[in-house]
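What follows is calculated from the coordinates using simple rules that are stated; it is not laboratory data. As the structure is a computational prediction, the values presented were derived from the model and not from experiment. Virtual Cβ from ideal backbone geometry, glycine too; neighbours counted across all protein chains shown.
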Amino acid sequence: MIKVGGIFAAVGIAAMLASLVSPALADPDNNQLIIEGELIVTDVAAPDSSPLDHIYSGWRFRSPETQSLQMDDFENPGFVAVDAAAETWETADGSEGKSCASCHEDVSSLAGLRAELPKWDEATNKPATMENLINRCRTDRMGAEAWGWEQKEMVNMTALISLQSRGMPVNIQTDGPMAEWMEKGKDLYYTRVGQLNMSCSNCHEDNYGNQIRSDHLSQGQINGFPVYRLKWAGLGSIHRRFKGCMENIRATPFKRGSDEFIALEAYVASRGAGLAVETPSVRN
Amino acid sequence: MKKLVVAASAVLMLTVGVALADAVGPNDVAMADAVVAESLTGVAGDPAAGRDIMINRKLGNCLACHVNSEIPEQPFHGEVGPPLDGVADRWTEGELRAILVDVKQAMNPESIMPSFYSLKLGARVAEKFEGKTILGAQQVEDVLAYLMTLKEE
C-alpha cells in the first residue's frame with residue numbers, strides 16, 4: 001500500500017533535519033494529530049494520582065517534519081511493516097497448517113487489545129505483552145516456532161494488531177493482580193542506574209519539554225509503539241527503546257521480554273492512561 | 001611532520017601519566033562546605049582541553065544540558081541546567097571544582113547532573129564503566145580551568 005517513495009522521502013527529511021540547527025523549543029507544541037480526517041488525542045488531563053501535571057504523547061515534542069510523516073498513512077514509513085504483516089497474517093505456518101486468519105479471521109477482530117496491554121494472564125500468572133500472546137498462538141496453536149522479540153515478523157505483527165486500536169484510549173488494569181507489577185515497574189522507573197546515575201523520571205518527568213542537546217525530551221510514553229524511528233530506519237519494540245535509554249546512561253539494560261521490562265512497560269503504560277493508541281507512530 | 005606529532009603525543013601521554021600517579025582518588029577528595037580547595041592533580045588545568053571535553057559527547061557532554069554562548073560553533077545546547085555564561089562570576093574556583101567532582105554532594109542530592117569524579121554510581125553500571133569515574137582528575141582540572149574563563153563582568 002505504501003510507496004517506496006515514502007521511505008526515500010523520509011530518509012531525505014531525516015538527513016535534512018540532521019543538518020539544521022534547530023532553535024531551542026520549550027514545552028510540547030499545540031499541533032493537532034489528524035490522520036485520515038480523524039482527530040487522534042495527543043494530550044489528556046492527568047488524574048490526581050498522576051505524577052505528571054498533564055499527559056502528552058511523544059508526537060507533540062517532535063519537529064513539524066517528523067510529525068507530518070505520521071499524519072498521512074501513505075507518507076508514514078511504518079506502513080511498509082503493516083503491509084508485510086497483513087500478508088503474514090494470511091500465510092499458513094507450522095505443523096497445524098494454519099494462518100492467523102484461519103482462527104481470527106479479520107485482524108480487526110483484535111481491535112482494542114493494544115490499549116489494554118500488558119494485561120493479567122491467568123495461564124502464566126503474570127502480565128502478558130502482545131509479543132507473549134502472539135507467540136503463544138504460534139507455539140501452542142499453530143505448531144510453529146516462537147518469533148524473537150525484535151524479529152521483523154514479530155515487530156511487524158505487533159504494528160498491524162496495534163493499528164486496529166488506533167484512536168482508542170490507553171486503559172490498562174492497575175489493580176488486582178496487576179498492582180504488584182505496577183509497584184515493581186514504578187520502582188524501576190525511579191531507580192537511578194548507570195555510570196551517569198539517572199532514573200527515567202529525571203529525564204521524562206522532571207525535564208520533559210526541555211532540550212537535551214539535539215533532542216526535545218518527551219514524557220517517554222509508549223502509546224505509539226511499535227514506533228518507526230528514523231534513526232533505526234525501521235520499527236522497534238517498546239523494550240528496544242527502554243534498552244536504548246538505559247544504554248545511553250551507561251547502564252546494563254534488562255533483557256527484552258524480561259519480567260523487569262514487562263513491569264516497566266505496564267507502569268509506563270499506566271502513566272499514559274487516556275492517550276490514544278497511535279501505532280505506528282513516527283519518531284526521530 | 002608525522003613523527004613530530006607522534007613524539008609530541010608521547011610527551012603528552014607521559015605528563016598525563018605523571019599527573020594521574022599523583023592525583024587524589026575519587027574517594028579521597030576533601031570537600032568541605034561545598035568547596036574543594038585543593039587541585040586534584042597539582043597540575044594546572046588546560047582551558048582549551050577543558051573546552052573540548054565540555055563539547056565531547058563521550059566525556060563531559062556538558063552542552064547536552066547547558067547553554068554556553070562561548071561555544072557558538074556547536075549547534076544544540078541543552079536547557080536542562082542553567083546557562084554557564086558568566087559562571088566564574090557566580091562561583092569561586094573551589095566551589096566549581098566541588099560542583100564538577102560531585103554535584104549531588106555540593107549542591108543538590110537530587111540533581112540530574114552527573115557527578116564527574118565520584119564512584120557513587122547508579123545501579124547496574126555497564127561493565128565497561130564499572131568502578132570508573134566519568135572524567136579523570138586532570139580532565140576535571142581542565143574543565144575547571146575553562147569554566148574559570150567564563151566571566152561577564
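Overview of values
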| item | result |
| --- | --- |
| Cut-off 20 Å, label 7 Å out along Cα→Cβ of B:A126, residues of segment B:41-55 by amide N | B:53-55 |
| Gaussian network model of chain B, Cα within-10 Å springs - most flexible of B:R57, B:R97, B:R124 | B:R124 |
| Estimated FRET transfer efficiency (A:L39, A:D215; beta-carbon r; R0 25 Å; 0.05) | 0.40 |
| With 10 Å bins from 0: P(r) over segment A:142-284, alpha-carbon pairs, percent | 11, 39, 39, 10, 1 |
| If the convex hull is drawn through the Cα atoms of segment A:79-163, its volume per residue in Å³ | 90 Å³ |
| Span-like helix ranges in chain B, DSSP H, alpha carbon extent 24 angstrom or more, Kyte mean at least -0.5 | B:2-22 |
| A:V268, A:V107 arranged by Cβ crowding within 10 Å, fewest neighbours leading | A:V107, A:V268 |
| Listed pairs A:K98/A:K255; A:K243/B:K128; A:K184/A:K243; A:K152/A:K184; A:K231/B:K128; A:K243/B:K58 exceeding 22 Å between Cα atoms | A:K98/A:K255; A:K152/A:K184; A:K231/B:K128 |
| Excluding exposed DSSP-loop chymotrypsin sites (Phe, Trp or Tyr not before Pro) (at most 16 other C-beta within 10 Å), longest clean stretch of chain A | A:75-231 |
| Neighbour-limited loop hits for chymotrypsin sites (Phe, Trp or Tyr not before Pro), segment B:48-153 (at most 15 other Cβ within 10 Å; DSSP other than H, G, I, E, B) | B:F76 |
| Max mean-square fluctuation residue, GNM over chain B, Cα-Cα springs under 10 Å, options B:V80, B:V143, B:V125 | B:V125 |
| Interatomic Cα distance distribution for the protein assembly as shown, bins of 10 angstrom, percent | 4, 19, 26, 22, 15, 9, 4, 0 |
| Kirkwood-type radius of segment B:2-147, with distances r between different C-alpha atoms, in Å | 16.1 Å |
